[in-house]
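Asker: To start, I am sharing the structure in question, which I have written as structure tokens.
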């Protein structure tokens, strides 16, 4: 009994410092943010901030655009990663670990550097425009910057590794025997892919999709550089409300909607994952 | 099962992932100032410009200090949590894990904004302190996860042996467990440092006059100038990262934990 008591005390001592840190420095500011969104400085409890957000055409368009681009980016990442991840998972370990390092490396470089490349590719005198002009396919440079396409390209490049990594680690666990059994029982490639590989890697797919989608709908750097103030997403709207318009009440509503969106997606996909098991 | 078109998909994936780096690299040596493609001539002026721009030099030192301090503190505080989660079974462990993964679930930009409102505007805290707190909080999930992984690799009997031979738990931890976790700690350190060093969302709202992190100052430079200085700086940062990761890998074999 004494041992038991001692153990509990040890656990509390081990966990307490960091726990208090997160509680005070992380949870508390978020609760304050929540209160700010329902308690404007000049009055009592009200939900008008949220009503304004969903009634205003501008913010509704921004919210819908953010979700739409998030879905598109996630879709592209799935399509680009699935076959590639399968090849990677079936490779000899040495070659695979080198190639995986090349997937991780972009993740370790900051988003400003990675987004900057798109200015050179998509700009007025960028790579694509110079090529189109040289081939005389267009007479004047096409505007790619500040378009949804630019943001989608930038976000896809940014978050692709977050889809590849979980998919590869899920597919590594599919034994070769299973694939051979499927084939010897007469399944063609497509059937094997849809009925064996996809179900067995669904955990990685769900995890990757969660990471890519929540990353895309909350990313700031890419929409700031490639969309600017002409094409706002939720993150750039939050910044505009807070820094340029200095409307902290409206900004806190945008912020809370962003948190609720990411939490909802996380919850939804967690439920999906549980159901599959 | 692996067919030819699947290899094509691999080529597409890698050109998409790495192509931008090739372009940045080329642009950082090009002589034209307007980002036109392809770059003409060869110059090192943009690299010189990086070191002559005081906003980059100052913010580099701030990012370095911030990255080191927040990584160290998140490790020192996160390690006991990982130890408790791996070595003991207790009723609140699920809750503890949820609380420590919370910083991943909340968008960084939102968190920076919440901290600006609460600590800086309401509490009148210094922005550097707030930056340090924000960065430490976002590193907890990584520290706890990586250290837990490395603790799980370690046979608990080794520690029990030390205790049964007369060391107390703390001594056993310091003299037996800690030295065996070197690689895991180094991995958590490198990962944490890079995460902090590259972070924009949390730092964005917390950057004030005189206190700006490197990525945020790169972003604000882009609002005024459209020249290859950012490409040169990005090239330097890629080299810095590769050297850092390679050194950690050579010395301690950290890749098994990432």
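The values are calculated or read from the model by the stated rules, or taken from the named source; none is laboratory data. Every value quoted in this text rests on a predicted model; they were computed, and no experiment measured them. A quick note on method: Cβ atoms are made from the backbone with ideal geometry, for glycine too, and the neighbour counts reach across all protein chains shown.
Asker: For region A:191-210, give me each residue that is surrounded by fewer than 20 Cβ atoms within 10 Å (Cβ to Cβ) and either out of contact with any helix residue (DSSP H, G or I) (no Cβ under 7 Å at 6 or more places or on another chain) or under 27 Å from residue B:219 (Cα atoms) (or both).
Answerer: A:191, A:193, A:194, A:195, A:198, A:199, A:200
Asker: In the set A:22, A:38, A:58, A:78, which member is at pLDDT 90 or above and touching a helix residue (DSSP H, G or I) at 6+ places or on another chain (Cβ under 6 Å)? Step through it out loud before you land on a result.
Answerer: Working: A:38 fails: touching a helix residue (DSSP H, G or I) at 6+ places or on another chain (Cβ under 6 Å); A:58 fails: touching a helix residue (DSSP H, G or I) at 6+ places or on another chain (Cβ under 6 Å); A:78 fails: touching a helix residue (DSSP H, G or I) at 6+ places or on another chain (Cβ under 6 Å).
So the residue among A:22, A:38, A:58, A:78 that is at pLDDT 90 or above and touching a helix residue (DSSP H, G or I) at 6+ places or on another chain (Cβ under 6 Å) is A:22.
Asker: Looking at residue B:90 and the list (1) outside any helix (DSSP H, G or I); (2) under 30 Å from residue A:123 (Cα atoms), which single condition is not satisfied?
Answerer: (2)
Asker: Kindly indicate which of A:94, A:183 is in contact with a helix residue (DSSP H, G or I) (Cβ under 7 Å, 6 or more places away or on another chain), surrounded by fewer than 16 Cβ atoms within 10 Å (Cβ to Cβ) and either at negative phi or assigned by TED's automatic domain parsing to the domain that holds residue A:206 (or both).
Answerer: So the residue among A:94, A:183 that is in contact with a helix residue (DSSP H, G or I) (Cβ under 7 Å, 6 or more places away or on another chain), surrounded by fewer than 16 Cβ atoms within 10 Å (Cβ to Cβ) and either at negative phi or assigned by TED's automatic domain parsing to the domain that holds residue A:206 (or both) is A:183.
Asker: Given B:79, B:6, which one is modelled with pLDDT of 90 or more and either in the same structural domain as residue B:133 (by TED's automatic domain parsing) or over 23 Å from residue B:133 (Cα atoms) (or both)?
Answerer: Numbers: B:6 fails: modelled with pLDDT of 90 or more.
None of the others qualify; the one that does is B:79.
Asker: Of all residues in region B:87-118, count the ones that are facing chain A (nearest Cβ under 7 Å) and at pLDDT 90 or above. Walk me through how you get there before you give the answer.
Answerer: Start the filter on region B:87-118 by keeping residues that are facing chain A (nearest Cβ under 7 Å), which leaves B:88, B:90, B:96, B:99-100, B:102-103, B:105-107, B:109-110, B:113-115, B:117-118.
Keeping just the survivors that are at pLDDT 90 or above gives B:106-107, B:109-110, B:113-115, B:117-118.
Final tally of qualifying residues: 9.
Asker: Name the one entry in A:116, A:144 that is in a loop (DSSP other than H, G, I, E, B) and out of contact with any strand residue (DSSP E or B) (no Cβ under 6 Å at 6 or more places or on another chain).
Answerer: Testing whether each residue is in a loop (DSSP other than H, G, I, E, B) and out of contact with any strand residue (DSSP E or B) (no Cβ under 6 Å at 6 or more places or on another chain) leaves just A:144.
Asker: Somewhere in region A:110-128, is a residue under 23 Å from residue A:97 (Cβ atoms) and out of contact with any helix residue (DSSP H, G or I) (no Cβ under 8 Å at 6 or more places or on another chain)?
Answerer: No, the conditions are met nowhere in region A:110-128.
Asker: Does residue B:118 fit the bill of being in a helix (DSSP H, G or I), buried (at least 16 other Cβ atoms within 10 Å of the Cβ) and without any contact (Cβ under 8 Å) to a residue 12 or more places away in the chain?
Answerer: yes
Asker: Same structure, new question: Out of B:165, B:175, B:170, I need the residue that is under 23 Å from residue B:89 (Cβ atoms) and in the same structural domain as residue B:100 (by TED's automatic domain parsing). Which one?
Answerer: B:170
Asker: Picking from A:46, A:10, which residue would you name as being out of contact with any strand residue (DSSP E or B) (no Cβ under 9 Å at 6 or more places or on another chain) and not in a helix (DSSP H, G or I)?
Answerer: Checking each option against the conditions leaves just A:46.
Asker: Follow-up question, since we're still on this one. From the list A:155, A:133, A:107, A:122, exactly one residue is assigned by TED's automatic domain parsing to the domain that holds residue A:88 and without any contact (Cβ under 8 Å) to a residue 40 or more places away in the chain. Which is it?
Answerer: When all the criteria are applied, what remains is A:133.
Asker: Restricting region B:178-205 to residues that are free of Cβ contacts under 8 Å to residues at least 40 places away in the same chain and outside any loop (DSSP other than H, G, I, E, B), which is nearest to residue B:56 (Cα to Cα)?
Answerer: B:198
Asker: If you don't mind, another one. For residues in region B:18-38 being touching a residue at least 40 places away in the same chain (Cβ under 8 Å), touching a helix residue (DSSP H, G or I) at 6+ places or on another chain (Cβ under 7 Å) and surrounded by fewer than 20 Cβ atoms within 10 Å (Cβ to Cβ), which is nearest to residue A:117 (Cα to Cα)?
Answerer: Top of the filtered list is B:21.
Asker: Inside region B:206-216, can you point out the residues that are modelled with pLDDT of 95 or more and either part of a helix (DSSP H, G or I) or not assigned by TED's automatic domain parsing to the domain that holds residue B:57 (or both)?
Answerer: Answer for region B:206-216, where residues must be modelled with pLDDT of 95 or more and either part of a helix (DSSP H, G or I) or not assigned by TED's automatic domain parsing to the domain that holds residue B:57 (or both): B:214, B:215, B:216.
Asker: Ok, one more. Take the conditions touching a residue at least 40 places away in the same chain (Cβ under 8 Å) and either surrounded by fewer than 18 Cβ atoms within 10 Å (Cβ to Cβ) or assigned by TED's automatic domain parsing to the domain that holds residue B:203 (or both) and apply them to residue B:113. Does it pass? Before you say what the answer is, go through the steps one by one.
Answerer: On the way: touching a residue at least 40 places away in the same chain (Cβ under 8 Å): yes; either surrounded by fewer than 18 Cβ atoms within 10 Å (Cβ to Cβ) or assigned by TED's automatic domain parsing to the domain that holds residue B:203 (or both): yes.
So residue B:113 fits the description; yes.
Asker: Right, another one. Do the conditions hold for residue B:147, that is, is it buried (at least 19 other Cβ atoms within 10 Å of the Cβ), in contact (Cβ under 8 Å) with a residue 24 or more places away in the chain and over 29 Å from residue B:211 (Cβ atoms)? Quick ask: steps written out before the conclusion?
Answerer: Values: buried (at least 19 other Cβ atoms within 10 Å of the Cβ): yes; in contact (Cβ under 8 Å) with a residue 24 or more places away in the chain: yes; over 29 Å from residue B:211 (Cβ atoms): yes.
Yes.
Asker: Sticking with this structure for a sec: Within region B:4-46, count every residue that is at the interface with chain A (Cβ under 7 Å from one of its Cβ atoms), in a helix (DSSP H, G or I) and over 19 Å from residue A:160 (Cα atoms).
Answerer: Adding up the residues that qualify gives 1.
Asker: Restrict the check to region A:60-79 and report whether at least one residue is part of a loop (DSSP other than H, G, I, E, B) and either free of Cβ contacts under 8 Å to residues at least 60 places away in the same chain or more than 7 Å from every other protein chain (Cβ to nearest Cβ) (or both).
Answerer: no
Asker: Quick check, is residue A:133 more than 20 Å from the chain's Cα centre (by Cα), outside any loop (DSSP other than H, G, I, E, B) and either over 20 Å from residue B:235 (Cβ atoms) or more than 7 Å from chain B (Cβ to nearest Cβ) (or both)? Steps first, please.
Answerer: Working: more than 20 Å from the chain's Cα centre (by Cα): yes; outside any loop (DSSP other than H, G, I, E, B): yes; either over 20 Å from residue B:235 (Cβ atoms) or more than 7 Å from chain B (Cβ to nearest Cβ) (or both): yes.
Judged against the criteria, residue A:133 is a match.
Asker: May I ask you to list the residues in region B:54-67 that are in contact (Cβ under 8 Å) with a residue 12 or more places away in the chain and either touching a helix residue (DSSP H, G or I) at 6+ places or on another chain (Cβ under 7 Å) or at positive phi (or both)? Let's see the steps before the verdict.
Answerer: So in region B:54-67, the residues in contact (Cβ under 8 Å) with a residue 12 or more places away in the chain come out as B:55-56, B:58-60, B:62-64, B:66-67.
Residues satisfying the conditions are B:55, B:56, B:59, B:60, B:63, B:66, B:67.
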